[in-house]
Amino acid sequence: MIFSTDPISIISGWYSWGVAIAFAVTFVTTLWIFFDSQSNGYLASLWRWLSLLMAMIVIPSVILSFSPHLALGLPTRLINVLAVAGIVATLISLISLLLYGLGVGVIYPEDDEETAGDQAEGTPFAATVNPEQPAIKATVTPPHGVQPAITTKEQTPQRITPTASDTIRIKNALDNELPLAWIVILNGPFAGNEFRLHRITDIGREPDHNDVVVDDRTISRQHARIRYEKGAFVIYDLASANGVFVNGERVQRRVLTHGDRIKLGQVMFGVVMVQEDMEPNPGQAESGDSFSV
């Protein structure tokens, strides 16, 4: 009588085996939507709360199914209403999962105004990259210090607070002491774009928090960081969704060398480092089996 259209048979089957399936479906649907949207940074409030509400509607039927003695004092009509509500909630939960998977009512990070403006202008990165010249943040002169005022009277020393421009000059002065190194995109529509490595270089999809901004859904908002430590560049995984791979191996931390391949999501980078007997020319890096400067 599983496929019977008799209402009594349907409700009986619901409490005997259907409620277990419904609870599993609504529970998995809720977890999937919550964790998938959270890990990818999607805005899907409608489907989050709707799936959670449907799971809660099924719970009374689950309680009555596993504890039949609780139904002895309840009206038959109420028991039937809970069964019908559970069936409808299960169907709505499945529809919510389907619509979420199709992207209906989901706001993706690339739909933000800043990214949309970049796409309209045809620039997939936060800054325009000249393939003939390494990308640097700014070309300003190092700080020369604060000159004391010339006076014949003795003055009380005052505390000098660095400004934002002073911080930028100091950072660029430190970057000028680094070895010349770049990361170069090796695949996809942006192959050939290169980025100069600084003392700290953050890579991700969010323009406001990264030095290298890659407009790709497989890359997290803050995906990886490359730091210059003890004479070497070291890459770190910033708890990204799709991980950091160096030469095909997933890593949390790895010292980079010339010729390494870095995979972030579906985007492949090559590492170009200038040695003492070489001249800097990262534009020669190609997406082939090997590259050099």
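The values are calculated or read from the model by the stated rules, or taken from the named source; none is laboratory data. Every value quoted in this text rests on a predicted model; they were computed, and no experiment measured them. No Cβ is skipped: glycine too gets one built from the backbone with ideal geometry, and neighbour counts run over all protein chains shown. To get the accessible areas, we keep the full protein, side chains included, count just its heavy atoms, and leave off ligands, DNA and RNA. Shrake-Rupley method; radii C 1.70, N 1.55, O 1.52, S 1.80 Å.
Selection over the stretch 185-224 of residues that are surrounded by fewer than 19 Cβ atoms within 10 Å (Cβ to Cβ) and part of a strand (DSSP E or B) gives a count of 1. The sole residue among GLY13, GLY18, GLY41, GLY73 that is of a type in the set (Gly, Ala, Ser) and on the phi > 0 side of the Ramachandran plot is GLY41.
Considered as a group, the residues in the stretch 66-92 that are part of a helix (DSSP H, G or I) and hydroxyl-bearing (Ser, Thr, Tyr) include one that is most open to solvent (accessible area, probe 1.4 Å), and that residue is THR76. Checked against the criterion of being out of contact with any Lys or Arg (no Cβ under 7 Å at 6 or more places or on another chain) and either among the hydroxyl-bearing types (Ser, Thr, Tyr) or free of Cβ contacts under 8 Å to residues at least 40 places away in the same chain (or both), the candidates ARG225, ARG196, ARG217 yield just one match: ARG225. Kindly provide the set of residues from the stretch 45-65 that are without any contact (Cβ under 8 Å) to a residue 40 or more places away in the chain and open to solvent by less than 40 Å² (accessible area, probe 1.4 Å), ordered by number. Answer for the stretch 45-65, where residues must be without any contact (Cβ under 8 Å) to a residue 40 or more places away in the chain and open to solvent by less than 40 Å² (accessible area, probe 1.4 Å): ALA55, VAL58. The residues of the stretch 100-111 that are among the aliphatic types (A, V, I, L, M) and crowded, with 16+ Cβ neighbours inside 10 Å amount to a single one, VAL106.
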